[in-house]
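First the structure, in the form of C-alpha cells, and then the observations on it.
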Amino acid sequence: MIGRKYVDEIISKVEKRNFGEEEFLNAIKEVLNSLVPVFNKHPEYIEEGILERIVEPERQIFFRVPWIDDNGKVQVNRGFRVQFNSAIGPYKGGLRFHPSVNQSIIKFLGFEQTFKNSLTGLPIGGGKGGSDFDPKGKSDREVMRFCQSFMAELYKHIGLDTDVPAGDIGVGAREIGYMYGYYKKIKNANDQGVLTGKGLAYGGSLVRKEATGYGLVYFTEKMLSDNNLSFKDKTVVISGSGNVAIYACEKANELGAKVVALSDSNGYIYDENGINLDIIKQIKEVNRGRIKEYLDYVPNAKYTEGFRGIWEIKCDIALPCATQGEINKEAAEILIKNGIKVVSEGANMPTDLDAIELLQKSGVMFGPAKAANAGGVACSALEMSQNSSRLSWDFEEVDSKLKDIMVNIYINSKNAAQEYGEPGNILMGANIAGFIKVAEAMMSQGIV
Ligand code: GLU
C-alpha cells in the first residue's frame with residue numbers, strides 16, 4: 001500500500017541522516033509506523049512532503065555554557081534548543097538538565113512534543129532544550145551561575161511569540177526563577193510569558209506544579225472508566241519521585257488508590273501500607289535528598305538498589321514517571337504475569353517499543369506519553385494565556401480546564417484509533433490525532 005511504502009522510505013532516510021541517534025530514531029519509528037493508514041487516506045500529504053518536513057527540526061541551536069563552580073574552577077557544559085515545529089504555534093517545550101542529555105535525546109523530546117502539544121488542542125508548536133549539566137549535588141549558587149550562563153545565550157532565540165521554554169527533568173521552580181531573572185535583566189523586559197512554570201509571585205499559574213501528575217491520573221481515570229474500571233482500591237506502582245511522580249501519587253491517592261512504590265535513579269522504596277507523600281515531599285522538594293531516606297522516617301518500608309526491580313511489585317496500575325527506557329520487554333513480561341491492567345506513561349518514552357507491543361497484545365490498557373502526560377504543557381499554555389491577559393485564575397478554574405483537556409485528549413485519541421481501523425489502540429490514535437492537526441496547518445502554509 002502507498003502509506004507503508006512512503007513511511008518506510010522516510011524512516012530509512014531519517015536513519016541515514018541521524019545515524020546512531022537511538023532515542024530519536026525510536027520516537028520516529030513509533031510515530032511514523034502508526035501513521036500508515038493516514039497516508040492511505042490522504043495521499044495529498046505525501047505530495048506536499050509533510051513527513052519529509054516534519055521529521056526535520058526547523059532550527060537547532062547548540063551552544064557552550066561556561067560557568068564557575070564554588071571552587072573557582074571553570075566548568076563547561078553543552079546547551080541545546082531544538083525548535084522542531086511551529087506550524088500551529090510558538091515552539092513550546094521544556095528544558096532538561098541531566099548528564100544524559102545529548103542531541104538525540106533533545107530531538108526525540110522535541111519531536112514528541114510537537115504531537116503532544118497538538119493533542120492539547122491549544123495553539124503551541126513543539127520544541128525542547130536543555131543541557132548535560134547535572135544539578136544533583138550542586139549548590140544553589142552554582143545552579144544560579146549555570147542558569148545565568150545558559151540564559152545569556154538562550155535569550156537570543158526565545159520570545160513570547162517565538163519559543164517558550166519551561167521545565168523538565170532537573171529544571172523546576174528554582175531553575176526557572178534564575179533563568180527568568182537573568183532574561184529580564186538582559187532584555188530589560190517583563191516578558192512573563194517567555195517561560196512557564198514560574199513561581200506564583202511573578203506570573204506562574206496555579207496547578208502548573210501539579211499539572212503533569214494530575215493530568216496523567218485524569219487521563220488514566222478516563223481510560224479506566226471507559227473500560228468500567230476506576231482507581232478506587234487499586235494498587236499502583238509509580239516510578240520516579242520528581243514532580244510528575246509526586247503529583248500523580250497525590251491524585252491517585254485522592255481517587256482511592258494505594259500507591260505502594262516510588263523510585264529514583266539509585267533504587268526504589270516499597271511501603272505496603274501506602275507511601276506517605278508528606279515524607280516524600282519533604283525528602284525530594286525540601287531536602288533535595290534521595291528516596292532511600294524514606295527509611296529514616298518509615299523503618300518498616302523496604303529499599304532496593306537499582307530501579308528496574310520496581311516492576312516486579314504486583315500491582316494493577318503502573319505509572320512510569322521517571323525517564324525514557326524504564327520498561328523493557330522483560331519488565332513488561334513480569335507486569336503481565338502479575339496481572340497488570342494498565343500502563344500509563346507520565347515520563348516521555350519510558351516504555352520500549354517491543355514492550356508496548358507486548359502489553360497491547362496481552363490486552364493491557366496503554367496510555368501513551370504524548371497523550372497521558374500532556375497535562376504539564378497544557379497547563380503551561382494556560383499560564384501563557386493568563387500572562388498575556390494579565391490575569392490569574394484560581395486553582396479550581398485551572399484544574400477544571402486541565403481535566404477537560406485530558407478527557408478530550410483521551411476521546412480524540414480513541415476516536416482517531418477507531419476511524420483509522422484500530423479501535424482501542426490509544427497509542428496509534430494519539431499519534432494520528434496529534435499529527436493530523438499539524439499536517440493540516442502545514443498544508444495550509446505552503447512549503448516552508
Ligand atoms: N517538560 C514537559 C513536557 O514534557 C512540559 C513542557 C512545558 O510545559 O512546556 O511536556
Practice task
Need at least 2 residues that are more than 16 Å from the ligand (Cβ to nearest atom) per element, so show me which helices (runs of 4 or more DSSP H) inside the stretch 330-448 make the cut, counting only ones lying wholly within it.
Solution key: 353-361, 395-419, 426-444
Problem - Matching option when the condition is assigned to a helix (DSSP H, G or I) and under 23 Å from Gly446 (Cβ atoms), among Glu52, Glu56, Glu30 - result: Glu52
Problem - Close pairs from the stretch 110-123: first among the small types (Gly, Ala, Ser), partner within 11 Å of the ligand (Cβ to nearest atom), Cβ under 7 Å, at least 6 apart - result: Gly110/Gly93; Gly110/Gly126; Gly110/Gly127; Gly110/Lys128
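Being among the polar types (S, T, N, Q) and either surrounded by 14 or more Cβ atoms within 10 Å (Cβ to Cβ) or within 19 Å of the chain's Cα centre (by Cα) (or both) is the filter here; which residues of the stretch 217-229 pass it? Full working, then the answer.
Our first condition is that a residue be among the polar types (S, T, N, Q); within the stretch 217-229, this holds for 220, 225, 227-228.
Scanning the stretch 217-229 gives a single hit, Thr220.
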Exercise for the section: Check Lys401, Lys337, Lys329, Lys414 and return the single one that is open to solvent by 60 Å² or more (accessible area, probe 1.4 Å), closer than 16 Å to Val237 by Cβ and not polar (S, T, N, Q). Expected result: Lys337
Practice task
Tell me, yes or no, whether the stretch 219-230 has at least one residue that is within 15 Å of the ligand (Cβ to nearest atom) and either at pLDDT 95 or above or touching a helix residue (DSSP H, G or I) at 6+ places or on another chain (Cβ under 8 Å) (or both).
Solution key: yes
Practice task
Answer yes or no: is there a residue in the stretch 341-350 that is surrounded by 19 or more Cβ atoms within 10 Å (Cβ to Cβ) and more than 27 Å from Phe111 (Cβ to Cβ).
Solution key: no
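The values are calculated or read from the model by the stated rules, or taken from the named source; none is laboratory data. Just so we're clear, the structure is a prediction, and the values are computed from it rather than from any experiment. Please note: Cβ atoms are built from the backbone with ideal geometry, for glycine as well, and neighbour counts cover all protein chains shown. Quick note on the areas: whole protein, heavy atoms, side chains included, nothing else; ligands and nucleic acids left out. Shrake-Rupley method; radii C 1.70, N 1.55, O 1.52, S 1.80 Å.
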